[in-house]
Amino acid sequence: MNSRIPAPGMVGSLGDKQFDNSFVRALPADPNLQNVPRAVRNACYTRVDPTPVRLPRLLAWSEHAGQLLGISRPDSDEGLVSEVLGGNRVLPGMQPYAARYGGHQFGHWAGQLGDGRAITLAELWSVDGKRHDLQLKGAGSTPYSRTADGRAVLRSSVREFMCSEAMHHLGIPSTRALSLVATGDAVVRDMFYDGNPQAEPGAIVCRVAPSFIRFGNFEILAANEELELLKQLADYVIGEHFAELGAPSARVYALWFEEICRRTAMLVAHWMRVGFVHGVMNTDNMSILGLTIDYGPYGWLEGYDLQWTPNTTDAQGRRYCYGNQPHIAQWNLVRLANALAPLMANTSALEQGLAVFVETFENASNQMLADKLGLASIAQEGDEKLLGELFKLLQSVETDMTLFFRLLAKVPAAQTAQDGALLTPLRRAFYDEGAFAPSQQARLAAWLRSFGARVRQEQVPEKSRMERMNLANPKYVLRNYLAQQAIDALAQGDASMLTRLMAVLERPYDEQPAHDELAERRPEWARHKPGCSALSCSS
Ligand code: AMP
Ligand code: MG
């Protein structure tokens, strides 16, 4: 074991930690240290320090992410830790940098993008013996900022901070968040893209992940035919993050791509299970480790609707809507396959990987759907028809996805159950009065009866079935209107909603009856209120 790995349970202050910089050590840096926007060549990153802010103040801290890293919450909201996590101080041993990457945005090659406002400070060994990057988002401009300011507003930072941790607690791979720091500086954003820019409070999230490398880090090298560097980056990623595959070789590159496809398939299957919509699945927002990365205009389905997207910028094309996510993940993997092709002996390895994506996604999403329904599998005769009718029903009237599946566990499976007993547990899931029309009620009751018959075949005691369903169907998700309430309160200096939500979202599958109101349908006032349902990309 590496001697730098701290013994589990060694918790200390950020200021006392020893930092590592394996990415910087292993890969070539941009020799130009000028922090001005430009095209960077033959390098994986540019060394750049965060730009100091006026008054860094710690607004929120994730105890869980702190525990992972063995860092205790600082005693004070101002002082060394907020200075470091606000970008005003670089600790000895840190070698901050912005990574170079490109990407396909909305289906088109966009060329160089890169960390335009994220700066990785250093790596830290976590208590479970893995190296983790500490990355500040909103830490000031870098050579990759293009025409933008390198900053982030409070609202988008709160959303990223909360959702990173909420995803982790849902059991979905994600980058994590350690801290949220107010900068004391204003950031100007045209939130509605209507020519009316406003000053908003700025903030910085410290993100944490074993790596923030994206598909786009490889794409930019392939696009510029920097093939030596492409190999060097691939070898670094395999050595650091896929070491179990063995030393890099043509065979290992093939296995590696297959594993990326497998992880991406699992990731998207989980998103579909909980009704999460990423909102901006550009290839620069796809993690090479299969993590949820870059929380922007994301959201959870409220009414079940395959076409729904939280991203107002995508309202026309709906490229990144809920139902399209598996297809887009595959499309993005094809872009990655093209970028990695120069490393491969032939394209069959890449085709094999893409086939693994399809197979893994199908198997995983079928199993997750079975779990959601409390069934061992959905492979029996008649299951396809049962599911087909369910999804038709869910879309025929506006039905809250989270509530419907969670409440379905409460519907009796007994043959003798009357229509009223079948329907009553589900009432809270409907937004649309049409759901209570007699014809719709009869249709739903008929489905519930068929479902009950199918459930009885499993011969699982009611209690175990319910417990199993509850583990697949979260009760609490970070609905956008709840996040917005936390943001509004925090902007007034009140962190209580954020703290409460973070605590509840640590146990999303538990009942927690004291917090029932956080598991209700989105109220009607929130349907069209900015930030409460759909969002713009402005952040
Ligand atoms: P995103 O849509 O947040 O994934 O960002 C796409 C690209 O734009 C990335 O290269 C970001 O670093 C860059 N970017 C987004 N916002 C800013 C900003 N305020 N300042 C500099 N670069 C930004
Ligand atoms: Mg991004």
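Between Q484, S533, T499, the Cα set farthest toward the positive side of the dipole of region 437-539 (charges on each charged residue's Cβ, about the Cα centre) is that of S533. The residue list V280, T264, Q325 was ranked by how far each Cα lies along the charge dipole of region 217-373 toward its positive end, using unit charges on Cβ atoms, and Q325 comes out on top. Available extension along the chain between E520 and E362 is 53.8 nm, counting 0.36 nm per residue and deducting the alpha carbon span. The length gained by stretching the chain between A442 and D77 to full extension, at 0.36 nm per residue less their Cα-Cα distance, is 125.7 nm. For the chain, the relative contact order works out to 14 percent when only alpha carbon pairs closer than 8 Å and six or more residues apart are counted. So which aspartates and glutamates pass the test for K410, namely a Cα distance under 17 Å, with those fewer than 8 places away in the same chain ruled out? Cα-Cα hits under 17 Å: D371, D400, D419, E458, E462, E467, D510, E511, D516, E520.
Provide the net charge surrounding C321, with neighbours chosen by a C-beta distance below 12 Å and charges set as Lys +1, Arg +1, Asp -1, Glu -1. Write down the numbers at each step before the final one.
Values: positive: R318, R319; negative: D305, D314.
Result for the local shell: 0.
When Lys and Arg each count +1 and Asp and Glu each count -1, what net charge do the other residues less than 10 Å away from Y298, Cβ to Cβ, add up to? The partial results should precede the final answer.
Details: positive: R159; negative: E160, D294.
With Lys, Arg at +1 and Asp, Glu at -1, the neighbours total -1.
Only helical runs count toward this figure. For the chain, summing -39,500 (n - 2.57) over DSSP H runs of n ≥ 4 and dividing by all residues gives -12000 deg cm²/dmol at 222 nm. For K17, the aspartates and glutamates whose Cα falls under 12 Å of its own Cα, not counting residues fewer than eight places away in the same chain, are E123. When all protein chains stay in place and ligands, DNA and RNA are ignored, the 1.4 Å accessible-area order of E240, E462, E123, largest first, is E462, E240, E123. For a paramagnetic label modelled at 7 Å from the Cα of V334 toward its Cβ, which residues of region 349-374 fall within the zone defined by backbone nitrogen distances under 13 Å? Output list for this probe position: 351, 354-355.
Using only alpha carbon pairs under 8 Å that are at least six residues apart, calculate the relative contact order of region 156-243 and give it in whole percent. It would help to have the intermediate numbers written out before the result.
Numbers: 94 pairs, mean separation 19.9, N = 88.
Result for region 156-243 is 23 percent.
Once you have a ≥ b ≥ c as the square roots of the Cα gyration tensor eigenvalues for region 442-539, tell me rounded if a/c is under 1.5, and otherwise prolate or oblate according to whether a/b is larger than b/c.
Details: a/c = 3.36, a/b = 1.92, b/c = 1.74.
Note, shape of region 442-539 comes out prolate.
Helix 462-472 axis versus longest C-alpha principal axis of the chain: approximately 30°, rounded to the nearest ten. For the pair region 455-487 and region 24-83, the centres of their Cα atoms are 37 angstrom apart.
Residues within the reach of a label modelled at S13 (point 7 angstrom out along Cα to beta-carbon, backbone nitrogen below 20 Å), restricted to region 171-187, are 178-182. Helix 348-373 and the longest principal axis of the Cα set of the chain meet at an angle near 40°. Alpha carbon centre of region 250-293 versus region 154-201: separation in Å? What the calculation gives is 22 Å, centre to centre.
Taking a 25 Å limit on the Cα-Cα distance, which of the listed pairs K392/K475; K137/K372; K130/K475; K130/K372 fall beyond it?
Numbers: K392/K475 23 Å; K137/K372 35 Å; K130/K475 31 Å; K130/K372 32 Å.
The answer is K137/K372; K130/K475; K130/K372.
Its residue count N fixes a reference of 2.2 N^0.38 Å for region 159-297, and the Cα radius of gyration divided by that reference is 1.24. Scaling the Cα radius of gyration of region 306-423 by the globular reference 2.2 N^0.38 Å produces a ratio of 1.43. Summing charges over all other residues whose Cβ lies under 13 Å from the Cβ of A26, with Lys and Arg as +1 and Asp and Glu as -1, gives -1. Computed over protein heavy atoms with a 1.4 Å probe, the accessible surface of region 383-459 works out to 46 Å² per residue.
Okay, which of region 323-343 sit inside 11 Å, backbone N to the point 7 Å along the Cα-Cβ direction of Y193? Within reach of a label on Y193: no residues. Please grab the % of Cα pairs in region 383-459 that end up more than 21 Å from each other. Across region 383-459, Cα pairs with separations above 21 Å total 19 percent.
Can you tell me the equivalent ellipsoid semi-axes for the chain? Use √(5λ) from the Cα gyration tensor, largest first, whole Å.
Working: eigenvalues 316, 154, 97 Å².
Largest first, the chain gives 40, 28, 22 Å.
When the solvent-accessible area of the chain is split by element, carbon and sulfur atoms take up 52 percent of it, the probe being 1.4 Å.
Give the percent of DSSP beta bridges with both residues in the chain that are antiparallel, rounded to the nearest 5. Provide the component values of the computation, followed by the final result.
Details: 40 of 44 bridges.
That works out to approximately 90 percent antiparallel.
What separates the Cα centres of region 84-137 and region 361-436 is a distance of 42 Å. Taking a cut-off of 24 Å, what percent of all Cα-Cα pairs in region 14-213 are separated by more than that? Of all Cα-Cα distances in region 14-213, 39 percent exceed 24 Å.
The values are calculated or read from the model by the stated rules, or taken from the named source; none is laboratory data. Worth saying up front: this structure is predicted, and the values here are computed from it rather than measured. Neighbour counts run over all protein chains shown; Cβ positions are idealised from the backbone, glycine included. All accessible areas refer to the heavy atoms of the entire protein, side chains included, with ligands and DNA or RNA removed. Shrake-Rupley method; radii C 1.70, N 1.55, O 1.52, S 1.80 Å.
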